[in-house]
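To start, the structure itself, in structure tokens.
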Amino acid sequence: MIDLRSDTVTLPSEEMREAMARAVVGDDVYGEDPTVNELERVSAEIIGKEAALFVPTGTMGNQIAILTHTLRGDEIIVDELSHIALYEVGAASMFAGVQLRTIPNLLEGDTVEKLYGAYRESNIHAPRCRLLCLENTFNIGSGTVMPLKDMRLVYKAARGLSLFVHLDGARIFNASIALGCDVKELTENCDSVMFCLSKGLGAPVGSILAGSKEFINAARKYRKAMGGGMRQVGVLAAAGLIALKMAERLSVDHDNARLLAQHLSSVDGLKVDLSRVQTNILLADISGLNMDAGSFVGKLSKAGVKAVPVSSRVARFVTHKEVTKDHIIQASTIIKNLVSHILTP
Ligand SMILES: *Cc1c(COP(=O)(O)O)cnc(C)c1O
């Protein structure tokens, strides 16, 4: 089985398992876990922020950021297809009590212009608009990258409107590798950033939220309130410390996604926009098959390749460290054969 559903299916390496077994631990709610303290220190340094917080999931990291930046009743501006809008169970309204202003295509094209269009001054009718959330790479955009120049322009514009900017950087290292820049150049254009250790970087669990010292002090308290105060969690942080060294290898995932995209773009019945395959995510439009993406993915799984449907006509394939170039070539053949079987049964 070649599992291309997500980079979350990556398994901890032997090196990680050994480090987890040997980790020196303590009670992290008391701030006494040396391995967690080390992970937070090194993460802050790499990501270019004053302080960092280890959180169980990216979702909790995003939600803590929203809680920390806003007050109940505030409005936050997000892309309508962002992870925060689509896949976090409405948590921003559940916990922070904020209103999501969801903007179509916010993250592509002229983001500044769309930000100005969405922003409104607070008055007797309008809530206080407080936060802009970016997502880089943009998952549902097909893992597309927001270039550095755009990040700079957007951050400047947001600050001009007195908005905070939170970066959902679940895959920010995929963005920096694709752009060939230091991740810090991207993250200097936001007030807070979340990134996942548990995706392409290969840790079994965990994400990092980073920002100013003051922000992280407040965030730490919200993490406790959300039930995320963990005890001897250095056993997980130990794997995270190794994950932080894995950014360079993401270029292999990008090459594999590119290769798969090249194969699939020539298959009749599938549409793949090669210009959008910039990192490790590939979206294939299967409208040409006259079949729901859910059933297509079901058939594909029986043939030996796993993918996920992201809408009724789009299937998503994600490359990661468990899949090699050979797997990609095999997967391409399996997909091609299935498609031709569907078209000429
Ligand atoms: C995976 C992901 C998250 C959330 O991470 P979890 O650890 O699954 O909660 C947030 N944002 C984006 C863009 C993601 O891809």
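The phi torsions of the range 72-88, fed into the Karplus equation with coefficients 6.51, -1.76 and 1.60 and a -60° offset, translate into couplings of 3, x, 5, 10, 10, 9, 9, 5, 5, 9, 6, 4, 4, 7, 9, 10, 10 Hz, rounded to whole numbers, with Gly and Pro shown as x. Protein heavy-atom surface of the range 248-343, 1.4 angstrom probe: 49% of the accessible area is carbon and sulfur, with nucleic acids and ligands not counted.
Computing FRET efficiency as 1/(1 + (r/R0)^6) for GLU121 and ASP255, where r is the C-beta to C-beta distance and R0 is 51 Å, gives about 0.60. With the simple model of a label 7 Å out from the Cα in the direction of the Cβ, THR344 to ASP326 spans 3.1 nm.
For the chain, a crude dipole built from +1 on the beta carbon of Lys and Arg and -1 on the beta carbon of Asp and Glu, taken about the Cα centre, is about 420 debye to the nearest 20. Distance between the modelled labels on SER287 and ARG17, one decimal in nanometres: 4.7 nm (7 Å Cα→Cβ projection).
Rg/Rh for the chain (Cα atoms only, Rh after Kirkwood) is 0.99. Computed over the chain with a Gaussian network model linking Cα atoms closer than 10 Å, the most mobile of PHE138, PHE296, PHE54 is PHE296. Dividing the helix sum by the residues of the chain, where each DSSP H run of 4 or more adds -39500 (n - 2.57), gives a mean residue ellipticity at 222 nm of -12500 deg cm²/dmol. For the residue pairs LYS114/LYS199; LYS114/LYS184; LYS213/LYS306, the alpha carbons lie more than 32 Å apart in LYS213/LYS306.
With coordinates expressed along the principal axes, the C-alpha atoms belonging to the range 1-51 extend over 43, 28, 19 Å, beginning with the largest. Here the range 112-263 has an Rg and Dmax of 17.4, 56 Å, counting Cα atoms alone.
Considering only ASN123, ASN189, ASN256, the Gaussian network model of the chain with Cα springs below 10 Å gives its largest mean-square fluctuation to ASN123. Residue by residue, the range 213-222 carries 3J(HN,Hα) couplings of 4, 4, 4, 5, 4, 5, 4, 4, 6, 5 Hz when phi is fed to the Karplus relation 6.51 cos²θ - 1.76 cosθ + 1.60 (θ = phi - 60°); x denotes Gly or Pro.
Computed log10 I(q)/I(0) for the range 248-343 at 0.20 Å⁻¹: -0.92, from the Debye equation with unit scatterers placed on every C-alpha and solvent omitted.
The values are calculated or read from the model by the stated rules, or taken from the named source; none is laboratory data. All values reported here derive from a predicted model rather than from experimental measurement. Note: ideal-geometry Cβ built from the backbone for every residue, glycine included; neighbour counts use all protein chains shown. Protein only, heavy atoms only, side chains kept; ligands, DNA and RNA dropped before computing areas. Shrake-Rupley method; radii C 1.70, N 1.55, O 1.52, S 1.80 Å.
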